[in-house]
Amino acid sequence: MTNIVAPSGVSLRAERVSHAFGDAAVLHDVSLEVRRGEIVALVGPSGCGKTTLLRACAGLLAPTSGTVVSDGAHIGNGRNGNGRIGFVFQESALLAWRRVEGNARLLADPGDAALVDRLLAATGLAAHRTKWPHELSGGMKMRLSLARTLAARPDVLLLDEPFGALDQITRHALHDEFAALHAEHRFAALMVTHAIDEAAYLADRVFVMSHAPGSIVAEITVPFARPRRAALRFSPEFAKLCGGIARHLAGTA
Amino acid sequence: MKRLVPALVVLASIVGGWYALAYSLDNNFASSDGSALIIPPPHRLFEGLNGPTVERIADATQISLVTAVVGFVLAAFVGVVLGVAMSWSRSLASGLWPWLIALQVTPIIVLTPIIVRVVGPSFAARVLVTVLISFFPIASNTLFGLRSVPRALHDVFTLAGASRMRRLVRLQLPAASPSILAGLRVSAGLAVIGSIVGDFFFTRGTPGLGRLITYFFLDTRAGPMFVTAFIASLIGLAFFAVVVAANRIFVEPWHRP
């Protein structure tokens, strides 16, 4: 394993990552970094290679060219560096044959039972620990998926449209819960989303991607202080920021 | 109660049809002692069961039952191991698959005499016949189940740096268990068939249910013949029930297809 000294404060860095599936180029020359404790959102039209980039960052896919480095270690196919990388999947990816508690413990260190308990309590699942995944609502499944991933104490959390399948009320509730979990656990997060308001509400910085082959067309810093309150969603500043992101997405900025 | 009614109606129809057939056949009661030659009516089913006959049936039942149980357990083991091996190695799967199909579609009854000649008329030969007829549905269902694990679940294990064995035991086998149990359900019936069909070619030693029923057939002893057939059927049902119970305990609580 090649050790590279990463600039301090950087948890994850993708450098000039390009990828093609056969002849179809999906990513073109993407570079970005996620600093310690920072939430970065990646928005882009569907099919722009967001998920491919995320999989490359996780080491689940070796990009055609370019490198990904996390806490000083190369991320390669099936190898996820020195830092602990957690991945939250779109479809929650729970093990149907394990109860809530069994799923929550799946990735945790055996000695981390107290952390699992705390996470189950924080995600409102403590009273449901003996339920099967099929007995949970969509929101509860995603909470469990978050709890399970955080129980492994990740330094970097990669999230692939984690709230995309939820109704709006549940989604907004989960935004606040996610922000609270982030405030406590201080992981670096790279979150793929197609919801502009989600990116603006949760992220410190937003990267906007173009149509395939995806490349980064804009980097927007979100100026809102934390903790953010639901009222923020209805403020003119929020609307203005969302409008700015939307214009970059539409290519008219 | 509502669910019982259709079953009772069917049962009554079968018993009624059985009586009608028994008393409408011309020569059914033409034997010297008045016992049935072709079909004994239900209430006279046990007439021909004297002491020695009961003993022969009990011995045969024991042989066939033990053969079926041992054969089924071995078939389950062989089937799951083959399924796992084929899921690990594409070349093994593609090399082996046509032969497994060929073996599966060859009627076991034409293989049985070959096996008896090669292995000898032993318990091992009976078990081998049973394994050969019943392992395929388990192997193919295991392979299918292991290959059908969603990619995201594999990714979870890849990110956790799981070894191949851990991935198999913690992810693939549990995910494939509904499919494996579906294979076992098919194989349970086949194992009982195998243990009885295989028995036809064992011309020495204590007969199993297969050979015993041919003896009763040749002696035109309709009552014991029917009883033997019922016992074979009950063994098949018992096997099926065990697999259904296993499914109910291990799969149904969590599995939503």
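Rule-based calculations on the coordinates, nothing more; no lab input. Because the structure is predicted, anything quoted here is derived from the model rather than measured. Positions of Cβ are backbone-derived with ideal geometry, glycine not excepted, and every protein chain shown enters the neighbour counts.
The relative contact order of chain B comes to 26 percent, based on Cα pairs under 8 Å that sit 6 or more residues apart. Which whole number in µm²/s is D for chain A by Stokes-Einstein, with the Kirkwood Rh taken over Cα pairs at 25 °C and 0.890 mPa s? Estimated via Stokes-Einstein, D reaches 132 µm²/s.
Relative to the longest principal Cα axis of chain B, at what angle does helix B:108-119 sit, 0 to 90 degrees, rounded to 10? Here the helix axis deviates by roughly 80 degrees. Exposure proxy shown here: for A:Met142, B:Met225, A:Met191, the number of other Cβ atoms within 10 Å sets the order, fewest to most, as B:Met225, A:Met191, A:Met142. Could you work out the pair-distance distribution P(r) of segment A:136-230 from its alpha-carbon pairs, with 5 angstrom bin width and percents rounded to whole numbers? Percent of pairs per bin, in order: 2, 11, 23, 25, 20, 12, 6, 1. Counting neighbouring beta carbons within 10 Å and listing from fewest to most, the residues B:Met86, A:Met209 come out as B:Met86, A:Met209. Available extension along the chain between B:Val9 and B:Ile109 is 32.3 nm, counting 0.36 nm per residue and deducting the alpha carbon span.
Here is what passes the span test in chain A: the DSSP H helices with alpha carbon length of 24 Å or more along the helix axis and a Kyte-Doolittle mean of -1.0 or above are A:168-185. Distance between the C-alpha centres of segment A:30-50 and segment B:139-193: 35 Å, rounded to the whole angstrom. For chain B, the longest principal axis of the C-alpha atoms and the axis of helix B:51-88 are separated by about 20°. For segment A:35-154, with equal point scatterers placed on the C-alpha atoms only and solvent neglected, what are the log10 I(q)/I(0) values from the Debye formula at q = 0.10 1/Å, to two decimals? Each listed q corresponds, in turn, to -0.36. Here the relative contact order of segment B:178-257, from alpha carbon pairs under 8 Å that lie six or more residues apart, stands at 39 percent. The H on the amide N of A:Val26, modeled in the peptide plane, is under 5 Å from the matching H of A:His19, A:Ala20, A:Phe21, each at least 5 residues off or on a different chain.
As a rough footprinting exposure proxy, the listed residues B:Tyr19, A:Tyr201 were ranked by other beta carbons within 10 Å of their own, and the order from fewest upward is B:Tyr19, A:Tyr201. Dimensions of chain B from C-alpha coordinates, computed as largest minus smallest value along each principal axis and given longest first, are 79, 54, 29 Å. The long axis of helix B:90-105 is offset from the longest Cα principal axis of chain B by roughly 10 degrees. Of the residues A:Pro110, A:Pro162, A:Pro133, which exhibits the maximal mean-square fluctuation in a Gaussian network model of chain A defined by a 10 Å Cα contact cut-off? Residue with maximal mean-square fluctuation among A:Pro110, A:Pro162, A:Pro133: A:Pro110. Amide H of A:Val10 versus every other amide H placed in the peptide plane: which residues, excluding those fewer than 5 positions away on the same chain, fall under 5 Å? Answer set, sorted by chain and number: A:Arg36. In this structure the amide hydrogen of A:Phe87, modeled in the peptide plane, comes within under 5 Å of the amide hydrogens of A:Leu158, none closer than 5 places in sequence on its chain.
Hydrodynamic analysis of segment A:91-153 uses the Kirkwood radius over alpha carbon pairs. Inserted into Stokes-Einstein at 37 °C and 0.692 mPa s, it gives a translational diffusion coefficient of 297 µm²/s. Binning the C-alpha pair distances of the protein assembly as shown at 20 Å intervals from 0 yields a P(r) profile of 18, 37, 23, 16, 5, 0 %, listed from the shortest bin outward. Computed over chain A with a Gaussian network model linking Cα atoms closer than 10 Å, the most mobile of A:Pro63, A:Pro154, A:Pro223 is A:Pro223. Using the rule -39500 (n - 2.57) for each DSSP H run of four or more residues, divided by the residues of the protein assembly as shown, the 222 nm mean residue ellipticity is -17500 deg cm²/dmol.
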